[in-house]
Structure formats: C-alpha cells, structure tokens
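Let me begin by presenting the structure, written as structure tokens, before commenting on it.
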Amino acid sequence: MTKRVGSQTLALDRQPSILEGASVAGTKEGQGPLGRSFDYVCQDAYFGESSWEKAESAMLRTCFDLACDKAKTAPSELDFILSGDLLNQCAGSAYALRGLTPPYLGLYGACSTMAESLLLASLLIDGGCGKRVAALTSSHFCSAERQFRFPLEYGSVRTPTSQWTVTGAGTLILGDEGPGPYITHVTPGRIVDAGITDANNMGAAMAPAACDTLRAHFADTGRTPAYYDAIITGDLGLLGRDIVRELLGMEGLDLGAAYTDCGVLIYDSAAQGTCSGGSGCGCSASVLAGHILRCLREGVWGRVLFAATGALMSPTTTLQGESIPGICHALAIEKERC
C-alpha cells in the first residue's frame with residue numbers, strides 16, 4: 001500500500017510503469033533544441049481547424065491517439081483518463097476527449113497539470129483502482145495569448161521576464177505492470193504565494209513553490225540532489241530556474257549541474273526570441289513525454305525528479321490586482337523499481 005513519508009511525500013508500493021508516451025508540438029517548438037524528440041510536429045498552427053481553441057483540442061487528441069497506438073492500447077481499455085489545460089473550464093481537454101468510453105477526470109493545475117495528472121494517475125494504480133490510466137495535457141500559444149494576455153493582432157511588446165507559451169501536448173499511458181521506467185515517489189505541492197503581481201514574470205511567481213516542494217521531497221525521502229541524474233522543473237524559464245537555484249543554495253541545498261527546467265530546454269531563447277523561455281501546460285508535458293522519457297529509456301538517465309510548476313491565476317484575478325499563487329508537484333521517475 002502507499003506509504004506516507006515525511007510531511008508531503010508518498011512512497012508508492014506498486015510503482016506504476018510508464019508504458020508509453022507521445023508528444024506533439026508546433027512549428028516553433030519543432031525548430032528548437034528538442035525538435036527531434038517530438039513524435040509529431042505540425043506545420044499548421046490551426047491543426048486543420050477553424051479556431052485556436054479547436055486547434056488545441058485537435059492537437060491533444062492527436063497526442064492521445066498516438067500514445068494509445070504506441071502502447072497498443074485501445075482507448076476503451078483505459079480505466080481512467082486524466083487531463084486538463086489552460087482554457088476556461090478545461091474546454092481544450094473536454095472537447096478533445098468527448099465521445100470516449102473511459103471515465104474522465106478534468107484537472108486544472110495551470111502549467112503543473114502534467115505533474116498533477118500523472119501524480120493522481122499513479123495513485124489510482126497504486127491504490128488498485130485501475131490497471132491502465134492515461135495522463136495528458138496541452139497548451140497552445142495563440143489560445144493562451146487570447147485568454148491570458150492580448151489577442152495576437154494587438155502586437156504587444158514582450159518584457160525580458162516574459163515566457164512563450166508552448167504549442168504542444170504530452171500523453172503518458174501508465175500500467176500496473178510493465179518494463180518501466182517507474183514512478184516510485186510523489187510529492188504533492190502546497191500553494192505558495194510570494195506576492196508577485198506581474199503576470200509577465202511567471203518564473204518569479206512560481207519559483208518559491210518549486211523550492212517548497214523540492215525542499216519537502218528531499219527532507220521527506222532523505223535523498224540528496226546527487227541521487228538523481230536529472231532534476232527538472234517546469235516551466236520556470238531562465239529567470240525562475242536561477243531564482244530556485246539561488247534560494248535553495250542560500251539554505252545549503254545545492255541542486256548541482258543536474259538541475260534544469262523544461263522552459264529552458266524547449267527553446268533556444270536567444271535565437272528564437274522567447275525571452276525567458278517556455279511555459280504553458282504543453283511545455284513540461286511535451287518535454288516529459290518526449291525528451292525525458294527517451295533519455296530514461298536509452299539509459300542516459302536512470303533517476304529523474306520531475307517537478308512541474310503552475311501559476312494559479314486567472315485573467316480576472318490579474319485585472320483585480322491579485323498576487324499570483326504558485327504550485328509545484330514532484331514525481332520520482334526511475335528506470336528500476338526501488
């Protein structure tokens with residue numbers, strides 16, 4: 001059975017296996033450093049649809065279908081589907097997955113949604129509630145800009161601290177048995193509000209939450225950063241990554257050279273003009289289901305700590321001058337069960 005370790009972490013007994021994963025990305029992402037790790041790069045930002053929101057649903061459904069095909073699993077064989085996105089009422093996921101027979105759980109964790117869906121999927125399997133569960137999420141640059149900032153036609157100037165919402169999606173199919181890699185520990189995060197009110201500085205808003213969860217994970221498990229071959233947050237970008245490194249370093253917790261961030265990995269910020277890097281649900285999702293999973297499968301890494309972050313704001317709270325609460329959920333993904 002699941003064992004609580006310390007204040008926040010759960011050590012999984014059944015340790016679900018990642019059976020397969022799929023990642024889909026847009027043109028800009030395909031031109032970045034990780035372009036070859038995506039299963040499918042679409043050259044049409046509309047994905048054959050008539051609106052940005054429909055495009056995001058089409059992209060997510062494409063990603064889901066690819067993952068099922070790779071896992072040789074029909075959607076009807078899944079016990080649960082867990083998904084969410086950045087659109088109001090998680091419409092991107094709901095419209096992408098309508099018509100499927102498995103029970104659907106819609107989630108919202110902002111950019112942390114991939115970690116949230118994967119964490120809950122792992123607990124469902126570990127608790128004996130299902131044998132095969134899909135965890136997925138997406139984001140689209142154009143749909144996110146229209147909802148959270150300005151329509152593209154406005155042509156607003158970006159600040160150096162701003163991040164570029166990734167057009168991408170990621171899906172993982174988990175099973176109670178399989179060759180791995182395995183999810184061994186999960187550390188659900190707490191809401192942390194550092195008082196940041198600048199919606200163009202997501203990295204600074206989310207970094208304290210990442211610190212809180214990473215600190216809890218290492219304290220609960222007794223592990224040090226050196227235990228992991230890679231510690232990957234998402235999506236803090238360049239600025240947020242540096243803030244995390246500095247804040248934890250002040251406490252004597254050195255993350256070392258193994259630490260990076262999905263928002264840093266997905267773009268060449270200087271060459272592609274993405275300012276502080278990538279963000280959006282699809283950022284950490286596509287990096288995890290593509291680059292990270294491939295590195296685990298090929299033996300480049302044996303142990304990865306994946307800690308996706310999210311800014312729990314809305315356009316309404318931003319207009320009302322509210323600060324931006326952050327969240328971070330962490331999962332230990334290991335090539336061998338422990």
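The values are calculated or read from the model by the stated rules, or taken from the named source; none is laboratory data. Note that the structure is a prediction, hence the values are computed from the model and not measured. Here the Cβ positions follow ideal geometry from the backbone for every residue, glycine too, while neighbour counts run over all protein chains shown.
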Task: Single residue of the stretch 248-290 satisfying the filter (assigned to a helix (DSSP H, G or I) and of a type in the set (Ser, Thr, Tyr)) that is modelled with the lowest pLDDT - done: SER269
Open item on the list: What are the pairs with Cβ atoms under 8 angstrom where one residue, in the stretch 23-34, is of a type in the set (Ser, Thr, Tyr) and the other, located anywhere, is part of a strand (DSSP E or B) and surrounded by fewer than 22 Cβ atoms within 10 Å (Cβ to Cβ)? Sequence gap at least six, or different chains.
Closed with: SER23/TYR40; THR27/VAL41
Open item on the list: Looking at the structure I just gave you, is LEU238 outside any strand (DSSP E or B) and either at pLDDT below 95 or within 18 Å of ALA199 (Cα to Cα) (or both)?
Closed with: yes
TODO: Identify all residues within the stretch 90-103 that are closer than 23 Å to SER286 by Cβ, surrounded by fewer than 23 Cβ atoms within 10 Å (Cβ to Cβ) and out of contact with any Asp or Glu (no Cβ under 7 Å at 6 or more places or on another chain); write none if there are none.
DONE: CYS90, ALA94, TYR95, LEU97, ARG98, LEU100
TODO: Pick out the one residue from THR27, THR73 that is under 21 Å from ILE292 (Cα atoms) and β-branched (Val, Ile, Thr).
DONE: THR27
Open item on the list: Exactly one condition in (1) out of contact with any Phe, Trp or Tyr (no Cβ under 8 Å at 6 or more places or on another chain); (2) part of a loop (DSSP other than H, G, I, E, B) is false for ALA199; which is it?
Closed with: (1)
Open item on the list: Within the stretch 38-52, does at least one residue satisfy the condition of being in a helix (DSSP H, G or I), among the hydroxyl-bearing types (Ser, Thr, Tyr) and not assigned by TED's automatic domain parsing to the domain that holds GLY189?
Closed with: no
TODO: Name the strands (runs of 3 or more DSSP E) wholly inside the stretch 69-169 in which the number of residues that are among the hydrophobic types (A, V, I, L, M, F, W, C) and touching a helix residue (DSSP H, G or I) at 6+ places or on another chain (Cβ under 6 Å) is 1 or more.
DONE: 80-84, 132-139
TODO: Hey, can you tell me all the residues within the stretch 238-269 that are touching a residue at least 60 places away in the same chain (Cβ under 8 Å), out of contact with any Lys or Arg (no Cβ under 9 Å at 6 or more places or on another chain), closer than 18 Å to GLY30 by Cα and buried (at least 24 other Cβ atoms within 10 Å of the Cβ)?
DONE: ILE266
- [ ] Determine which single condition ALA219 fails, assuming it passes every other condition in (1) more than 30 Å from GLN320 (Cα to Cα); (2) surrounded by fewer than 20 Cβ atoms within 10 Å (Cβ to Cβ); (3) of a type in the set (Gly, Ala, Ser); (4) touching a helix residue (DSSP H, G or I) at 6+ places or on another chain (Cβ under 7 Å).
- [x] (4)
- [ ] Among the residues of the stretch 21-57, write down those that are of a type in the set (Lys, Arg) and on the phi > 0 side of the Ramachandran plot.
- [x] none
